[in-house]
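Shown next, in structure tokens, is the structure this report addresses.
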């Protein structure tokens, strides 16, 4: 009976996508109903759910406490997002945004629910395709460039490694139906390569999905191009990346200290994004860089838990990682919902336009909860998770973990400093008096609900206790005798607490300093940030070069003498597709072309045509899954 609830939720999301394509905003009524069934599936998942769903695309389902925890957050975001968008004035292509949002949520739910690696890869790709459509349909300045960058990274460094990993796993298992996490674990000796190579492939897909170094460059561009209320879907995507690595590293492939150190180091380097946040005055990009930092902290904690696996401190680190991922989805969603209130009136969210929103509004207090949660002010969300993360590493004698956690703690100064800086700049340059704008009741309500939820699960973490304890048990970590032991059961807990308070005080003081003076003091770190940015751009250009020089001549008919003339993705659009699967799919391709010509005759804009092409590609992907 419980699987029928999940099927009903997925069916409603699919119906919502069709309704959205036809009538836009009305789709969110259906999305709202689907969230109720998602909540029910997340609760039932505590007892374990397994079976097969989607008759035309048979998909094996196995929901345990870990996937149920992420499903719970997905259900909450689905509920609040749909309620919010019913009152929000969408500036882009409303129909394509509604369709793509619902399909992205559907893909995320199946990604979290399935234990079949082939289906997981399929819905990883569908999530990437439909989130790309969301960016493109936003029709904002720079949305097309942001879409290309996002697609290149997710395809070249995300789906391609995942497809290779799936192929290698299939070679070991020998049967698509049994290509599950458990099936791969039992057939590791049949792998044609080392399990470590498979781990690297999964790690690459995980890092791209989460927006971690060196693939973080898409995050600020995409978040700035997207209407603010839709950003929580991408925040869920960041959580999916962490979930993927958690699932593979603990349930499938043997992992040890080497992987733990590598993941912790990547997380530490990723956290340097907070320095760019401090320099940024555009609020959406500022919060985007904060999001990258939070992802880095989560990966550091996950790596620490792998290094300390089997010990009590490993439990503390893993719990900190889980909480930090979930907390940041909540308080960042609240922040972007708040910025959406500014966009609702047709203004760009910036330091001065915030005054119109915050003047005399209860929403100011509610957003402050989320802002200070992000900064790690006690007893709010990030403070709780960082306390656990710092406690785990500072309670050891491991020099490498100490070096990395001290770096993370130092970088933790800047979220609060950045907030104080915004307040100071607002008073300096925003002298013009503004009139209070009345924010729609639903927007205020949803922003408040998400802010309060972020506050409550931090102050009363036992709300999530059944999901957290179940996840720890399944991952093989020892459970504490009492919840208080997590915070007070290690010598490092007091050091961690003092460190957090000290960093908050320093952050407050730095935030009041002139920006130029701070930039002089931090010049060496900004130079390091530039190095990281150049490294990320190198990976991006490498992927672009590989596609244009190696992949393009295979999938498209391009004369050799014209290859050197193709310097960008736009240059490659005019060449015909080669014969790959042509016999099977050419009727459908011709139908899509006729649809595009019809759309052009109806004066649709290019964004709508490209979005339609992306939808057609998603259909092709599903067909490949059906006939596999």
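Read the figures in this text as sums done on the coordinates, not as results from a lab. Note that the structure is a prediction, hence the values are computed from the model and not measured. Note that each Cβ is placed from the backbone with ideal geometry, even for glycine, and that neighbours are counted across all protein chains shown.
Here are the numbers for this structure:
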{"read-out": "Burial order of peptide ranges 97-106, 33-42 (average beta-carbon count within 10 Å, highest first)", "value": "97-106, 33-42"}
{"read-out": "Sites residue 281 and residue 509 - FRET efficiency at Förster radius 22 Å, r taken between beta-carbons, to 0.05", "value": "0.60"}
{"read-out": "Segment 1-255 - convex hull of the alpha-carbon atoms, volume per residue in Å³", "value": "106 Å³"}
{"read-out": "Whole-angstrom gap from segment 293-326 to segment 98-117, using each part's C-alpha centre", "value": "25 Å"}
{"read-out": "Peptides ranked, highest mean first, by Cβ atoms within 10 Å: ranges 324-335, 172-183", "value": "324-335, 172-183"}
{"read-out": "Segment 1-61 versus segment 193-230: alpha-carbon centroid distance in Å", "value": "26 Å"}
{"read-out": "All Cα pairs of segment 119-166, percent lying beyond 11 Å", "value": "65 percent"}
